[in-house]
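Q: A single structure is presented below for examination.
Please treat every number below as a calculation from the coordinates, not as lab data. Computed from a prediction, not measured in an experiment: that's the story for all the values here. Using ideal geometry, Cβ is built from the backbone for each residue, glycine included, and neighbour counts are taken over all protein chains shown.
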Amino acid sequence: MFERFTQDARDTVVGAVAEARKAGAANVTEEHLLLALLDRGALDPLGVDRAAVAADLAAARRRGGMSRADEEALAGLGIDLTAVLSRVEEVHGEGVLAAAAPRRRTLGSSLRSALGRTEPVGRHVPFTQGAKKVLEQSLRIALGRHERHIATLHLLLALLSRPGTAAEVLADHGVTYAAAEAGPAAA
């Protein structure tokens, strides 16, 4: 499938892996794809404030990735997510829900650790099911538009077409599917 990606789209996928590694994440998520799009300026033509979007993604990570819809659903059950988050952070430390999931220890990593060596830089970081779905959806969108290559616009549209934190944060900043499709987006 990656042979259909433009160089910018490939760089975005590679950038998402780099974002995951930088965060110490065990997997590449939709949010890492969004951060990579931001980093490459793919949302600049839409007037998106990179710092504000990155801050909103960080706030969502602090909530353990829960969306506002999740928060509203819990509120409907009488659960105040802010109070729960405050209590969890009081007990376990600030940002505990935003912390990267611990990576599974393998024999190789245990031996490297025992020998005082660091993890290899090029270690494989798998994509979450949601991130894989974004990549698959970008192909479907490109084909649906009768375009032969997958560009950053298709990645952005795929992120916007799936429910979740990335689409919610983008919508908060005025980026909707229709606006991205109609507006001057990077290809």
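Q: Would you pull out the residues with amide H under 5 Å of ILE150's amide H, same chain only if 5 or more places away, H placed 1.01 Å from N?
A: Correct list: PHE5, THR6.
Q: List, in order, the whole-Hz ³J(HN,Hα) value for each residue of the stretch 67-74 obtained from phi through the Karplus relation with A = 6.51, B = -1.76, C = 1.60 and θ = phi - 60°; use x for Gly and Pro.
A: Karplus-based 3J(HN,Hα) across the stretch 67-74 equals 7, 5, 4, 4, 4, 5, 5, 5 Hz.
Q: If I take R0 = 25 Å and measure r between the Cβ atoms of GLU3 and GLN129 in this structure, what FRET efficiency does the formula 1/(1 + (r/R0)^6) give, to the nearest 0.05?
A: The pair GLU3/GLN129 has a calculated efficiency of 0.65.
Q: Could you pull out every residue, at least 5 positions away or on a different chain, whose amide H is within less than 5 Å of the one on PHE127? Hs are placed 1.01 Å off N in the peptide plane, and Pro or chain starts have none.
A: VAL28
Q: While we're on this one: How many angstrom separate the Cα center of the stretch 59-74 from the Cα center of the stretch 1-28?
A: That distance is 25 Å.
Q: Follow-up question, since we're still on this one. With r as the distance between the Cβ atoms of LYS22 and GLU147 and R0 = 30 Å, compute the FRET efficiency 1/(1 + (r/R0)^6) and round to 0.05.
A: Once the sixth-power term is evaluated, E becomes 0.45.
Q: Give me the number: length gained by fully extending HIS92 to ALA58, i.e. 0.36 nm times residue separation minus the C-alpha to C-alpha distance, one decimal in nm.
A: 10.4 nm
Q: Taking 0.36 nm per residue of separation and subtracting the Cα-Cα distance, what length does fully extending ALA69 through ASP44 add?
A: Extra length available between ALA69 and ASP44 comes to 6.3 nm.
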